[in-house]
Amino acid sequence: MKIFCVGRNYVDHAKELGNDVPDEPVIFLKPKSAFLQPHMPFYYPEFTNELHYEAELVLRVSKNGKYVQEKHASKYYNGITVGIDFTARDLQQKLKEKGLPWELAKAWDNSAAVGKFMDIKPGMNFNDINFCLYNNKELVQQGNSGQMIFTFDQIVAYVSQFFSLNIGDLIFTGTPAGVGECVVGDQLEAFIEDDSLLEVEIK
Ligand code: MG
């Protein structure tokens with residue numbers, strides 16, 4: 001299983017971190033060991049003092065493929081949920097300043113929390129999916145797939161030029177504005193529309 005992630009896919013989020021709006025998708029990967037098994041505890045990592053949540057829509061790849069054309073891309077995923085791309089923001093800032101890769105800040109064990117998948121139904125409007133994240137019952141992030149710079153299909157087509165897509169791979173499609181810090185004891189809960197799909201407590 002591979003976990004693809006898109007960075008800076010929402011204009012407001014790119015700006016809140018002082019980044020340019022990209023003209024091609026910004027892609028990075030997390031290894032399988034980054035996948036937080038459902039209902040497993042999440043422990044605050046010892047190598048950061050600034051752990052951030054990033055709530056994102058996540059797609060489940062359902063078909064193997066390479067060089068997928070955008071017009072066929074929707075056949076390559078069959079599930080959607082919300083996930084949290086946990087980020088050691090202090091480390092990421094240091095790495096970015098040096099122009100170094102982000103893995104140490106992004107790809108560590110259990111850094112990819114993934115909610116319960118909803119099956120994608122025919123006719124689902126991918127350009128109008130609302131999702132949000134609550135921290136301790138307070139709304140902290142709110143997004144709509146229509147705000148994405150690159151659509152699901154564009155991301156799938158782009159990624160598949162470089163990497164084989166395999167059944168079970170996951171794609172984190174980017175976070176909207178409102179990323180922020182979480183601390184030990186925080187209770188995160190993420191929704192698509194009114195469906196609560198993910199709960200994570202920071203231990
Ligand atoms: Mg992210």
(1) charged (D, E, K, R); (2) at pLDDT below 95; (3) surrounded by 15 or more Cβ atoms within 10 Å (Cβ to Cβ): which one isn't true of LYS121, the others all being true?
-> (3)
For LEU100, all conditions in the list (1) open to solvent by 10 Å² or more (accessible area, probe 1.4 Å); (2) within 16 Å of the ligand (Cβ to nearest atom); (3) closer than 30 Å to LYS66 by Cα; (4) of a type outside the set (Val, Ile, Thr) hold save one; what is the number of the exception?
-> (2)
Can you tell me which of PHE47, PHE42, PHE35 is surrounded by fewer than 16 Cβ atoms within 10 Å (Cβ to Cβ), away from the ligand (no atom under 13 Å from the Cβ) and of a type outside the set (D, E, K, R)?
-> PHE47
Only residues that are under 22 Å from LYS71 (Cα atoms) and either in a strand (DSSP E or B) or of a type in the set (A, V, I, L, M, F, W, C) (or both): list them for region 118-143, please.
-> ASP119, ILE120, MET124, PHE126, ILE129
Given the conditions (1) touching a helix residue (DSSP H, G or I) at 6+ places or on another chain (Cβ under 8 Å); (2) closer than 25 Å to TYR77 by Cα, every one holds for GLN142 apart from (1)
Identity of the residue in region 124-141, surrounded by 15 or more Cβ atoms within 10 Å (Cβ to Cβ) and of a type outside the set (Phe, Trp, Tyr), that ends up nearest to VAL21 (Cα to Cα) = GLN141
Scanning region 147-203 residue by residue, the ones that are open to solvent by less than 10 Å² (accessible area, probe 1.4 Å) and over 23 Å from PHE47 (Cβ atoms) total 14
Which one of VAL58, VAL21 is open to solvent by less than 80 Å² (accessible area, probe 1.4 Å), closer than 12 Å to ALA112 by Cβ and among the β-branched types (Val, Ile, Thr)?
-> VAL58
Any chance ASP12 is farther than 15 Å from VAL179 by Cβ and either within 10 Å of the ligand (Cβ to nearest atom) or open to solvent by 10 Å² or more (accessible area, probe 1.4 Å) (or both) | no
Qualifying positions in region 122-167 - closer than 24 Å to PHE191 by Cβ and among the small types (Gly, Ala, Ser) | GLY123, GLY143, SER145, GLY146
So how many residues does region 168-199 have that are within 16 Å of the ligand (Cβ to nearest atom) and under 30 Å from GLY65 (Cβ atoms)?
-> 9
Starting from region 72-101, keep only residues that are touching a residue at least 12 places away in the same chain (Cβ under 8 Å), then list their pairs with residues that are basic (Lys, Arg) and more than 16 Å from the ligand (Cβ to nearest atom) whose Cβ atoms are within a distance under 7 Å, requiring at least 6 positions of separation or different chains.
-> LYS75/LYS63; TYR76/LYS63; TYR77/ARG60; ASN78/ARG60; GLY79/ARG60; THR81/LYS116
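The values are calculated or read from the model by the stated rules, or taken from the named source; none is laboratory data. Source: prediction; values computed, not measured. Methodologically, a virtual Cβ is constructed for each residue, glycine included, from the backbone with ideal geometry; neighbour enumeration extends over all protein chains shown. These accessible areas exclude ligands, DNA and RNA; they are computed on the full protein's heavy atoms, side chains included. Shrake-Rupley method; radii C 1.70, N 1.55, O 1.52, S 1.80 Å.
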